[in-house]
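Quick notes on the structure that follows.
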Amino acid sequence: MAGIGFELRKILKGDTLAGAARAYAYAGLISSGPLILSILGILIIGLMSVGYTIPRYAIVQFQVSVTYLIACSLIVTGPLQLSFTRFISDRLFEKRDDLVLSTYNGVVLLSSAASGLVGLLAVGLAFRGEPLAYRMLMVAGGVVISNIWVAVIFLSSVKQYRQILFVFVLGYACTVVFSLLLNRQGISGLLGGFVAGHVVLLAGLSGLIYRNYRSPRFISFEMLDRRFAYPSLALVGLCFNVGVWLDKFMFWYAPSTGAQVIGPLHASVIYDIPVFMAYICVMPGMAAFLVRIEADFVEYYDAFYEAVRRGATLRHINDMRDMMVTSVRAGLFEIVKIQTVVLLFVAVFGPRLLQALHISTLYMPLLLIDVIAASLQILLLGILNVLFYLDERRVVLRICVAFVALNGTLTAITLWMAPDYYGYGFALTLLILVAVSVLALDRIFGRLEYETYMLRN
């Protein structure tokens, strides 16, 4: 979301209650809008197809298939996401805008090849008993969604967030309409509508990129040059996405919690519903994260390095460093406050919400721990974002490797224990990582002037 801080600071400049409300609403829509739209779209497709889709279990198969497409596409494109974000950011800083469009075309080609190869291998080896149309749509869906993640990366440099959100609304509206028109064809119709809607979404995102950039070359692979290689960022992208999804996969395929849905794809009713609801509850925290970290922190971050570049006094440089630290603390504390309020609302009204959705209130303890885990994940994202600004790639990589190891180990332990402990593995993993990350960030801020002057000049 590079650059959104500029937009938020414009809104907050008036220092009014209405301006603050607008900033938080804007940040919430930008940070969580696509997530909420995708969740709502899939839910609407399922609810409105109940009376028409034959057989009815095709709806569950469709929703599970889409979940796997999203999870696997994030993992496959994880090594591309951060490394190419850094490449584009560096080229824009160098005023080499002509490389953006040609690089986008090159990355799309790489993403399509990687996701297409993985998809073909998967359907060829594990989905042999499923209809050909379903298998081909799974491959096509994986390629399209992978390219959507790539397009969003490049659009972070455009800073036209309202247009991006509009394209997402249009894309998911088409997804719902197409799926409902084809739902009588069962799983293939639902999935076909989903893929067609996402093709519209990808076309809209690509159109924004083509409208804002020009290039004398159609395609460029300059980002693969060793001078611009960021292997640590590639590993961070891979490990973080694996860490986020690892506990879900373990619950899906554990004999005591998972069940086969279609082909090799499993799901866990016990685990999936609370996790799904918990991630909806983090929208306020995401808004606070963007407003306080991307607006307040970035302002003092820029002031600190500007003071270093123009040779300001040591006192002024230290003051800017202290303001950075203060803004980070305030931002993280605000996320904690907001998500605590959300947690209290869930604790009070959660049972009624579950009953309204015809879900057993026995899910309540797991829902609460999942809301805590999702809130901790927002805190971790905020800290990692600051570490990226400070170019502490190795620290972030160690945290993400620990994310995979801890989540896998602690989730395995909770699966072995009683159901009362389900979800605690993911939550405890994030609690440990947040604590370690805060200590690492505090140490880095303590030696920031030394590293700025002595190690990078």
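A few notes on this one:
- The accessible-area ordering, largest first, of the residues HIS198, HIS266, HIS358 stands as HIS358, HIS266, HIS198, per a 1.4 angstrom probe.
- For the residues VAL261, VAL298, VAL341, a 1.4 Å probe over the protein chains yields an accessible-area ranking, largest first, of VAL341, VAL261, VAL298.
- Net length gained if the chain between VAL336 and ASP442 were fully extended (0.36 nm per residue, minus Cα distance): 36.4 nm
- Backbone geometry of region 123-130 corresponds, through the Karplus equation with coefficients 6.51, -1.76 and 1.60 at θ = phi - 60°, to 3J(HN,Hα) couplings of 6, x, 9, 10, 10, 4, x, 8 Hz, x marking Gly and Pro.
- Residue by residue, region 320-330 carries 3J(HN,Hα) couplings of 5, 5, 5, 5, 4, 4, 4, 5, 5, 4, 5 Hz when phi is fed to the Karplus relation 6.51 cos²θ - 1.76 cosθ + 1.60 (θ = phi - 60°); x denotes Gly or Pro.
- If you model region 315-452 as an ellipsoid using its alpha carbon gyration tensor, with each semi-axis the square root of five times an eigenvalue, the axes come out at 35, 19, 9 Å, biggest first.
- Solvent-free Debye scattering, log10 I(q)/I(0), computed from the Cα coordinates of region 230-338 at q = 0.11, 0.14, 0.19 Å⁻¹: -0.61, -0.81, -1.03
- Accessible area of LEU170 in the full protein assembly, 1.4 Å probe (Å², nearest 10): 80 Å²
- SER256 contributes an accessible area of around 80 Å² to the protein surface, as traced by a 1.4 Å probe with all chains present.
- Solvent-accessible surface (1.4 Å probe) assigned to VAL200 amounts to roughly 50 Å².
- One Cα centroid belongs to region 358-375, the other to region 118-139; the line between them spans 34 Å.
- In Hz, Karplus ³J(HN,Hα) per residue of region 232-239 (6.51, -1.76, 1.60; θ = phi - 60°; x = Gly, Pro): 5, 5, 4, 5, 4, x, 5, 5
- Here region 168-234 and region 75-105 have alpha carbon centers that stand 16 Å from each other.
- The alpha-carbon atoms of region 122-252, seen along their principal axes, cover 49, 34, 27 angstrom, with the largest extent given first.
- LYS248, LYS337, reordered so the largest accessible area comes first (probe 1.4 Å): LYS337, LYS248
The values are calculated or read from the model by the stated rules, or taken from the named source; none is laboratory data. Here the structure is a predicted model, which means the values were calculated and not measured. These area figures cover heavy atoms from the full protein model, side chains too; ligands, DNA and RNA do not enter into them. Shrake-Rupley method; radii C 1.70, N 1.55, O 1.52, S 1.80 Å.
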